[in-house]
Structure formats: structure tokens, C-alpha cells
Number of protein chains: 2
Amino acid sequence: MGSPSSRITLAVDAMGGDKGPSEILAGIAKSASFVPRDLEFQLFGREDELSTLLSNEPSLNDLNVTVHHAPEVVEMDEKPIAGIKNKKKSSMALALESLKEGNADALLSCGNTGCLMAGGTIRLRTLEGVERPALCTIWPGRERYFTLLDAGANPHPKPFHIVQNAILGSNYARVALGLVRPKVGLLSIGTEEGKGNELIHDAHEMLKEIDGSIVNYAGLIEGFQIFENVVDVVVCDGFVGNIVLKACESLSKLIGSFLDEELKRNALRKTGALLSMGAFRGLKQRINPEQFGGAPLLGLNRNVIKAHGSSNRNHVSGAIKIALDLVQHDMIGQMLEDVKGANEILRPFHSPPTQTSN
Amino acid sequence: MGSPSSRITLAVDAMGGDKGPSEILAGIAKSASFVPRDLEFQLFGREDELSTLLSNEPSLNDLNVTVHHAPEVVEMDEKPIAGIKNKKKSSMALALESLKEGNADALLSCGNTGCLMAGGTIRLRTLEGVERPALCTIWPGRERYFTLLDAGANPHPKPFHIVQNAILGSNYARVALGLVRPKVGLLSIGTEEGKGNELIHDAHEMLKEIDGSIVNYAGLIEGFQIFENVVDVVVCDGFVGNIVLKACESLSKLIGSFLDEELKRNALRKTGALLSMGAFRGLKQRINPEQFGGAPLLGLNRNVIKAHGSSNRNHVSGAIKIALDLVQHDMIGQMLEDVKGANEILRPFHSPPTQTSN
């Protein structure tokens with residue numbers, strides 16, 4: 001599984017997301033232009049609903065799509081553990097099951113993030129040598145895109161988890177951003193050694209040990225540097241990462257609303273805005289790039305891709321491209337190798353990690 | 001000192017900031033329209049330089065300005081403790097000294113934030129009952145401004161510090177934003193009880209105890225809610241607050257640059273942008289409001305206001321207005337009362353706090 005020559009299977013939670021299954025199917029249809037002809041889409045969801053949608057979408061006939069009945073749906077507002085444990089017949093749970101059993105190479109869901117993270121962590125094994133998974137996101141920087149992790153999977157990491165996130169994020173940046181030696185920065189509140197906190201200090205020391213051999217570690221960075229492409233992989237704990245991600249997403253939206261209000265304030269401004277329309281569309285696409293529709297939950301022994309709940313067909317298609325790239329580049333195999341190498345080097349720092357989930 | 005009827009003295013670190021003392025003096029000149037006629041500006045800096053500037057700025061003649069020679073300057077890139085300890089004759093250190101000795105009611109500096117926070121903490125006493133100061137910032141929200149603290153003064157708080165920050169921030173919001181019962185939210189990564197971390201959990205329990213009597217506590221909030229005016233005072237630890245503040249400041253700048261680039265991409269867009277010029281100016285002013293030019297270091301027994309290093313005269317004048325308001329409303333006296341009340345209620349939670357600095 002996962003080697004470039006073998007057939008790839010993608011499990012899709014077809015019921016998750018704000019726009020419903022029709023938008024997800026439209027995203028799959030859009031992906032026809034780049035997916036291998038023998039790639040299998042396993043659609044999990046209500047069979048009758050999905051079959052009707054499929055028969056109305058002739059462009060899907062050329063694709064290898066199978067429908068797997070899942071009578072339940074994890075709603076967007078359900079609590080993480082409860083949502084996944086109580087709905088064992090949900091589209092999300094059954095897609096995870098297919099992945100776990102080795103019947104799929106990657107899973108894509110636009111559903112409830114907390115439930116998918118909990119489900120992925122509980123139902124799938126972590127990679128050998130990795131203790132906790134991390135949610136990895138792609139952000140727009142001044143000159144190019146960068147990755148930030150952990151965006152919320154592990155809010156109480158140990159220093160060793162932070163180091164593993166650097167390895168996981170580097171491997172993801174190689175595949176998703178096409179970088180050969182992505183630069184890694186550790187997010188803190190000052191770049192002098194000794195600033196920050198104990199977690200930062202210990203992780204910084206360990207990252208220096210694996211710099212060069214396993215990751216390309218550029219040191220500590222501050223909040224104002226993350227968008228400046230000082231590094232390609234911003235590593236932080238899941239508490240900070242989740243807050244920064246959500247604050248920044250919501251600030252972008254706020255600025256968009258302010259701009260919209262200001263442009264509508266009088267006739268002159270409205271006329272100007274009409275002429276400049278292309279600029280505002282361009283801005284939106286740069287801030288919220290559709291080609292990076294998915295964020296992977298890294299550190300598991302299967303590829304789990306979370307697309308935004310509000311994903312449109314272009315985001316879904318972008319997320320499918322990412323899932324495909326991860327499988328074709330065997331990201332997981334490369335991560336395994338790097339984690340093993342790092343654990344060797346860092347043995348003096350810690351007792352060997354144990355698997356936490358099954 | 002500090003009562004509405006007595007003469008107010010404002011110590012000004014005239015050498016700090018990126019634009020130099022002439023911009024600070026221009027800001028003082030702008031404040032002539034609202035400061036009491038007998039307010040004294042104590043300017044700390046190089047006497048010859050300041051005297052020359054003063055003689056060239058006739059609008060300052062109507063104000064009560066005194067010059068206090070300080071031969072040294074704390075540079076913007078100096079390290080916090082070193083900068084303040086090694087330069088005992090700097091404009092920042094001598095202004096702090098004047099404040100400490102009770103010769104001034106408030107201090108304003110556009111200089112090195114780290115050095116001012118370290119200097120304030122080391123040289124001034126904390127308020128009785130308060131253990132650690134917090135840097136409090138004002139942010140633009142969808143409908144109105146809100147405050148966020150701690151923006152970096154205390155990166156390793158105990159739960160009790162977080163609770164004190166809620167009290168300090170509420171008092172600041174009353175004066176600076178004119179709110180009667182500002183709503184307080186505790187920043188976390190989920191609003192269910194039990195999410196977040198131990199610090200959040202313990203602070204949340206303590207905040208519930210003083211809700212109603214001391215603060216108006218609205219509970220936990222998430223990163224995506226901070227700009228939505230769900231609360232007026234966002235409380236978080238200084239590590240998270242500093243990173244979020246700097247990330248959001250830098251994201252605003254990035255979006256501004258993207259918009260600028262997009263608008264210049266062709267002649268049509270350029271023409272539109274000219275017509276809509278007022279909208280872009282309006283946007284800028286909403287995102288970076290000059291009337292809130294200063295961020296106070298709260299929890300000390302004197303008012304210390306930090307203005308941004310890049311402050312222009314309007315920001316300086318805004319910061320002077322804030323300093324004046326804090327003194328005239330006796331914010332410190334009100335804080336003392338609230339902290340005392342909270343410490344009574346919270347006695348079961350902790351051993352009594354001790355003063356950490358002198």
C-alpha cells in the first residue's frame with residue numbers, strides 16, 4: 001500500500017461539512033483531471049442520498065466510486081470523544097474503520113474537527129516511535145506558503161512531542177509545498193535563549209541535536225515573524241497553535257468585513273470597488289488558498305486529511321490532491337525513517353516513547 | 001496624587017521610539033487641546049537635544065514642560081534586564097525613578113517594551129495584593145474595541161495571576177473604553193469545561209467565584225471569538241497573548257501588503273483604487289486606531305503606559321490621553337479595592353500573595 005505503482009484508495013466522509021454531500025461529490029468530480037484513473041473513492045454516507053446524487057452527476061461516471069452505507073452522521077457541534085464513540089455507524093467512524101483495516105490509503109473529511117482528531121487518535125495507531133498526532137495547517141506568507149503545527153491536536157505536549165512535530169511538519173512541507181529542506185522554527189515570545197518557557201527551552205535543545213541530520217532547524221521565532229517566511233515549518237504546542245490559527249482566521253474575516261463596509265460607504269468608493277473587483281478576488285484567494293483545502297492529522301500510520309467545514313468543491317478537490325500526493329510520495333514511510341533516526345540521536349534526553357493508542 | 005483635583009505630572013521617556021524625540025514632542029504639542037493647563041510634562045532625555053527641539057516648537061510654549069537630563073538611551077534592540085540594569089542614567093530608567101519617587105503620576109514611553117516591562121517590574125512596587133504586572137492592549141473588534149491581556153509581561157502565570165489580570169483588565173476597560181460592567185472571557189481552545197489545560201481550568205473556577213461581585217465573568221472563549229465582541233476583556237497568559245498579538249499585528253500588515261499589490265496589478269485596478277482611496281484610509285484607521293496609542297503595564301502602583309515603537313504624533317497624543325484618563329479616574333485606587341475584595345473571596349484557593357518586587 002502507498003507505493004507509487006499500487007492502486008490508491010481514498011475513503012471519503014461524504015456527509016461531513018457545512019455544504020453537504022453534493023458539494024463533496026462536486027469536488028470529487030473536479031479531481032477527475034488529476035487523479036489516476038484507477039483511484040478508488042470510497043464514499044461513506046447514507047446510501048440512498050449518495051446514490052441519487054451520483055446518478056445526477058454524470059461526470060462521476062468516469063471515476064471509480066463505491067458507496068458504503070453509513071446511517072449516522074457526526075454533527076458539526078458534537079463533542080469530540082462523545083461524537084465518535086456514540087456514533088459507531090457514522091460516515092466518519094466507518095471511513096476511519098476502512099482506513100484502520102487497510103482498505104483505504106487516506107481519509108478525507110470536511111466534518112467535525114474535534115471528532116476527527118479524537119477518532120483518528122483513538123481508532124488508528126500512531127506511527128512507530130511517535131506518541132501523539134498533530135494537526136498541520138498551511139498558511140499564506142508574504143512570499144510563499146508555510147506550515148504551522150500543532151493546530152490543536154495535543155494541547156499539553158512534552159518537549160519530545162514538539163520535536164516530533166518538527167519532523168512530521170518537515171515531511172509534510174516537503175510533499176505539500178515541494179520544499180527539499182524546509183526550515184523549521186520554534187514559536188516563542190523572544191528569540192534569545194532562555195526566553196519562553198520550560199517546554200520551549202527543552203524542545204529547543206533537542207531540536208539543535210537533530211538539526212542538519214533530521215530537520216533543518218533555524219531556531220526560535222516570534223509571533224511577528226510567522227508570516228514573513230523566516231521559516232517554512234512553524235512548530236508550537238496545540239494550545240497556542242489552535243488559538244493563533246482561530247484568531248488569525250477570524251481577523252482575516254474581520255478585515256474583509258471592514259473593507260467591504262468601507263467600500264460601500266459612498267457612491268465614489270462603490271464605483272472604485274467595481275473597477276478594482278479583481279483585486280479583492282485576488283486578495284481572497286491569496287489569504288484562503290483553495291489548492292490547500294486540507295489539513296492533515298500527522299503522526300498516525302495512515303493519512304487523515306481534514307478539510308474545512310465550509311469547504312467548497314475547489315477546496316475539496318485541493319484536499320484530494322493533497323491526500324493523493326501524501327500517498328504517492330509515501331510521506332508516512334519517510335516520517336517513520338526520520339522519527340527512528342531522531343529517537344536514536346535523542347535517546348539521552350528521554351526514555352523511549354510508547355504507543356498510546358490502538 | 002492621582003485625585004481629580006490635584007496637579008498631574010506625566011514623566012515622558014523622550015528618547016524612546018523609532019521616530020525619535022521630535023515626534024514625541026509633536027505628540028505632546030497635539031495633546032495641548034485636552035490636557036489640563038497645569039499638567040506637567042517631565043521630559044527625560046539628552047538636555048541639549050531636547051532644548052533645541054523645544055525652542056523650535058513654539059506650540060509647546062503654552063504647556064508646562066520641564067527637561068530632565070538623561071545622558072543614556074535604551075536602544076530598541078537591547079535585552080530586557082540588561083538594558084534597564086546597565087543604563088541607570090537612561091531616559092527610561094530616570095523616568096521610572098521619578099515615578100517611583102512619587103514625582104510623577106504616570107510614565108509614557110515609546111521605547112523598548114521588554115526593558116520597560118522589566119524596569120517597571122523591578123523598579124516599581126506591584127499593587128498591594130497583586131503578584132505580577134500584565135501588559136494590556138486594545139484591539140479593534142467587529143462592533144467596538146476590546147482589551148486583551150496579558151500581552152507578554154508574565155509568560156508563566158499561576159491561575160491566581162490570570163484572575164488578577166481579569167480584575168486589572170476590567171478596570172482598564174472601564175476607563176479606556178468607558179464600559180460600566182465589561183464582560184471578561186478566558187481564552188482557551190474550547191468552551192466546554194475540562195478543555196484547555198490545568199491553568200485554564202483552575203483560573204476558570206476562581207473566576208466563577210468572583211463573578212458578579214468583582215468582575216463580570218462570561219466564561220471561556222475560543223480564538224475565533226476574540227474579534228466578535230463576545231467579551232470586552234480577553235484574558236490569557238503572557239506567552240499566548242504575546243504570540244497572538246504579534247501574529248495578528250503581522251497578519252494585518254500582510255493583508256495590507258497583499259491588497260496593495262493586487263490593486264497595483266493593472267491600470268483598471270489602479271483607477272478603482274484611486275476612487276476608493278478613502279475606504280483604504282478608513283480601513284487602516286479601524287485596524288490601527290490612533291486614539292489608543294498606548295498599552296498600560298497594569299498591576300503596578302503607578303501608571304506605566306507603553307506606546308508602540310513606531311508611534312507617530314497622533315499615537316503619542318492618544319497615549320497621553322489614556323495616561324491622563326487613568327490618573328483622573330484613579331484607576332489604581334479602584335484596582336486596589338477590587339483586588340482586596342477578590343483576595344478575600346478567593347482565600348480558600350491560595351495562600352496569600354506576596355509582593356515580588358520593590
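Restricting the range B:232-263 to residues that are among the aliphatic types (A, V, I, L, M) and in contact (Cβ under 8 Å) with a residue 24 or more places away in the chain leaves a set whose member that is surrounded by the fewest Cβ atoms within 10 Å (Cβ to Cβ) is B:Leu245.
Screening B:Thr147 with (1) of a type outside the set (A, V, I, L, M); (2) over 30 Å from B:Lys284 (Cα atoms); (3) buried (at least 22 other Cβ atoms within 10 Å of the Cβ); (4) modelled with pLDDT of 95 or more gives one miss only, at (2). For B:Leu135, the requirement of being within 14 Å of chain A (Cβ to nearest Cβ), modelled with pLDDT under 95, closer than 19 Å to B:Val74 by Cβ and surrounded by 22 or more Cβ atoms within 10 Å (Cβ to Cβ) is met.
Of the strands (runs of 3 or more DSSP E) lying entirely inside the range A:30-117, those containing at least 1 residues that are among the charged types (D, E, K, R), farther than 20 Å from A:Asp18 by Cα and at pLDDT 95 or above span A:40-45. Tallying residues that are more than 19 Å from B:Ala323 (Cα to Cα), within 14 Å of another protein chain (Cβ to nearest Cβ) and more than 13 Å from the chain's Cα centre (by Cα) within the range B:138-160 yields 10. For A:His315, the requirement of being in the same structural domain as A:Leu127 (by TED's automatic domain parsing), surrounded by fewer than 21 Cβ atoms within 10 Å (Cβ to Cβ), out of contact with any Cys (no Cβ under 6 Å at 6 or more places or on another chain) and not polar (S, T, N, Q) is not met. Is it fair to say B:Asn229 is modelled with pLDDT of 95 or more and surrounded by fewer than 21 Cβ atoms within 10 Å (Cβ to Cβ)? Answer is yes for this residue.
Given the structure, is A:Ile28 β-branched (Val, Ile, Thr), surrounded by 14 or more Cβ atoms within 10 Å (Cβ to Cβ), more than 20 Å from A:Gly114 (Cβ to Cβ) and within 23 Å of the chain's Cα centre (by Cα)? In short, yes.
Figure legend. Inter-residue proximity from the range A:264-275: first residues more than 7 Å from every other protein chain (Cβ to nearest Cβ), second residues aliphatic (A, V, I, L, M), beta-carbon distance below 7 Å, spacing 6+ or different chains. Indicated pairs: A:Lys270/A:Leu263.
Has the range A:205-224 got at least one residue that is farther than 21 Å from A:Pro157 by Cα, at the interface with chain B (Cβ under 8 Å from one of its Cβ atoms), touching a helix residue (DSSP H, G or I) at 6+ places or on another chain (Cβ under 9 Å) and not β-branched (Val, Ile, Thr)? Within the range A:205-224 (the criterion being farther than 21 Å from A:Pro157 by Cα, at the interface with chain B (Cβ under 8 Å from one of its Cβ atoms), touching a helix residue (DSSP H, G or I) at 6+ places or on another chain (Cβ under 9 Å) and not β-branched (Val, Ile, Thr)), the answer is yes, since at least one residue qualifies.
Of everything in the range A:203-221, what is among the hydrophobic types (A, V, I, L, M, F, W, C) and outside any strand (DSSP E or B)? Give them in sequence order.
A:Ala203, A:Met206, A:Leu207, A:Ile210, A:Ile214
In the range B:95-116, of all residues being within 14 Å of chain A (Cβ to nearest Cβ) and crowded, with 24+ Cβ neighbours inside 10 Å, the one that is farthest from B:Asp38 (Cα to Cα) corresponds to B:Gly114. Considering every residue within the range B:118-129, establish whether at least one is within 14 Å of another protein chain (Cβ to nearest Cβ) and surrounded by fewer than 21 Cβ atoms within 10 Å (Cβ to Cβ). Yes, the conditions are met somewhere in the range B:118-129. The conditions of being under 28 Å from B:Asp150 (Cα atoms), part of a helix (DSSP H, G or I) and not aliphatic (A, V, I, L, M) are met by B:Asp325.
The values are calculated or read from the model by the stated rules, or taken from the named source; none is laboratory data. For clarity, every value in this text was computed on a predicted model and none was experimentally measured. We place every Cβ from the backbone using ideal geometry, glycine too, and count neighbours over all the protein chains shown.
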